[in-house]
Structures are given as C-alpha cells and as structure tokens.
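Asker: I have a structure I would like to understand better, so I am pasting it below and will then ask my questions one at a time.
The values are calculated or read from the model by the stated rules, or taken from the named source; none is laboratory data. This one's a predicted model, so the numbers in the text were calculated from it and none came from an experiment. Ideal geometry is used to build each Cβ from the backbone, glycine not excepted, and the neighbour counts take in all protein chains shown.
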Amino acid sequence: MAITKDELQQRRSPKELWFFAHRVRDEASVDPLQRTEAYSHKGLYKQFIDEILPLSDFAVLQYPETCTVEPVLGSQGYDAIIFDSSGHECDRIEIKKPYDGAGRAEDGRLILERGYGNDHGGVPGYELVPLIPFVLATCQATLLKDYSDCTLVFVVPVLEPFPFPDFQQRFETDLANLARQISDFRLNAKRVFLFVPPKRVLQIVSAPTISTANRNEGL
C-alpha cells in the first residue's frame, strides 16, 4: 500500500517512528510500485527518504520515549516538531541531507533497470570525501536563514569503513574535520548536528564530540 501524507505526519514516539519508517522502507523494497516511486525519488517517497527516514534514526538516539515526534511536510522551515511528555512543543528539527543529485538519479535508474547502481566503494576510510563539497554547499545555502528555534541536522548517508584501525582513523579524521568546517559557518540555529546514520552523531560545538549510542538499544 502506498504511503499517504496523513500517515507520514502522524505523531509518534521516537521508537514508534523508527519502526514505522523502517517498515515503510522494507515494504517499498519489495513492492514493485512503491519500489519504482522510491528509487525514482518521486512524490512523498522523496520526502520520506530525505526527511522521515533519517529523522526516525536521529530521533530515537536523541529524544526520550516520553517525547513525541510529529513530521511536518512542506516548506515551512522545519521538518518535525518535538513535544514533551506534557504535550508542549520543546524542539523543532530541520533535516538537511546533502547529496549528488545527478549521481543519485543515475543510481536510481540503474537499480530499477538492472537491480544495482554504480559502484561507490572507493578507497576504504575515504567514504566521506565525495560528499564533503555537497555538505559545505548546503551550509553556504543555509547561512543566511534563521533557524534560531530549530535543531539543524546535516545527514551524511555513507557506510563506515570496516573496523580496521587505519581505515577507521582516516574516517574519524574526516568526520571531525567536516564538523569543524560546519562550525566555521556559524549557522543561526539553536543546535547543529552532523549525523551519519544509523548511529553516529556529532554535535557541532567548539570541540566536536562523537556519540556512539546504538539505535537498537531497547528496540
């Protein structure tokens, strides 16, 4: 069954949102119609992939189950509202997911045609490098906007390298350097995070620190 706007905007706890988003993702991968819409990044599936899915991964790490998350579709300057246990608004989230638009479109077309996209393996440890220019361009575009009442989340969808010391150290260095570059923009936001799904969160402060919380804890 295709997703609906009302279903996407339903208020849920962080865990409920996570389960919902990942169920939709799994169903879309096997249903021919949903699969075509998802990989073509059309309609609600584009917003689902760019906003709802990363929001679900981020929210389950950062907000307690006493909160609820309400995704908001549209161009209002935020993608979700967080409510506390009393039902009062306590945060707003804007998801920024920089990507290579042409490359993603090509991958989607190839996946639908032959079952797999282009090889993006690259050099282990350097997984972040191709996306860094897109992240910085997104920061530049965000610079003059007012997000003072929002938590900004820059989502970088890459697979971390195999846990070999040299590869991991290279990745960690690039991640920390990217966080510093984002910090240099001095974005007008309540909080700014760099998020590598499903579980790596760096809060952009003077000395970035990495949270290694596991999204699956308690699920």
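Asker: Can you confirm whether PHE167 is under 15 Å from the mean Cα position of the chain (by Cα) and either part of a helix (DSSP H, G or I) or surrounded by 17 or more Cβ atoms within 10 Å (Cβ to Cβ) (or both)? Talk me through it step by step, then tell me what you get.
Answerer: Working: under 15 Å from the mean Cα position of the chain (by Cα): no; either part of a helix (DSSP H, G or I) or surrounded by 17 or more Cβ atoms within 10 Å (Cβ to Cβ) (or both): yes.
Answer is no for this residue.
Asker: Follow-up. Taking SER211, is it surrounded by fewer than 19 Cβ atoms within 10 Å (Cβ to Cβ), at pLDDT below 95, over 20 Å from PRO54 (Cβ atoms) and of a type in the set (S, T, N, Q)? Even if it seems obvious, please write down each step before you answer.
Answerer: Values: surrounded by fewer than 19 Cβ atoms within 10 Å (Cβ to Cβ): yes; at pLDDT below 95: yes; over 20 Å from PRO54 (Cβ atoms): no; of a type in the set (S, T, N, Q): yes.
So SER211 fails the test.
Asker: Could you grab me the full set of residues in the range 34-78 that are closer than 16 Å to VAL24 by Cβ, hydroxyl-bearing (Ser, Thr, Tyr) and at pLDDT 95 or above?
Answerer: Answer for the range 34-78, where residues must be closer than 16 Å to VAL24 by Cβ, hydroxyl-bearing (Ser, Thr, Tyr) and at pLDDT 95 or above: just SER56.
Asker: Check whether at least one residue in the range 133-155 is within 27 Å of ILE82 (Cβ to Cβ), modelled with pLDDT under 90 and not basic (Lys, Arg), and report yes or no.
Answerer: yes
Asker: Which numbered condition in (1) in contact with a strand residue (DSSP E or B) (Cβ under 8 Å, 6 or more places away or on another chain); (2) part of a helix (DSSP H, G or I) is the only one that VAL24 fails?
Answerer: Going through the list (1) in contact with a strand residue (DSSP E or B) (Cβ under 8 Å, 6 or more places away or on another chain); (2) part of a helix (DSSP H, G or I), VAL24 breaks only (1).
Asker: Mind listing whichever residues of the range 170-205 are loosely packed, with under 14 Cβ neighbours inside 10 Å and hydroxyl-bearing (Ser, Thr, Tyr)?
Answerer: THR173
Asker: Check ARG180, ARG186 and return the single one that is at pLDDT 90 or above and either within 15 Å of the chain's Cα centre (by Cα) or on the phi > 0 side of the Ramachandran plot (or both).
Answerer: Numbers: ARG180 fails: either within 15 Å of the chain's Cα centre (by Cα) or on the phi > 0 side of the Ramachandran plot (or both).
None of the other options fit; the residue is ARG186.
Asker: Can you name every one of the helices (runs of 4 or more DSSP H) wholly within the range 30-72 that holds 1 or more residues which are within 15 Å of the chain's Cα centre (by Cα) and either surrounded by fewer than 19 Cβ atoms within 10 Å (Cβ to Cβ) or not β-branched (Val, Ile, Thr) (or both)? Break it down into steps so the answer makes sense when it comes.
Answerer: Numbers: elements: 32-39, 43-47, 53-62.
Here the list reads 43-47, 53-62.
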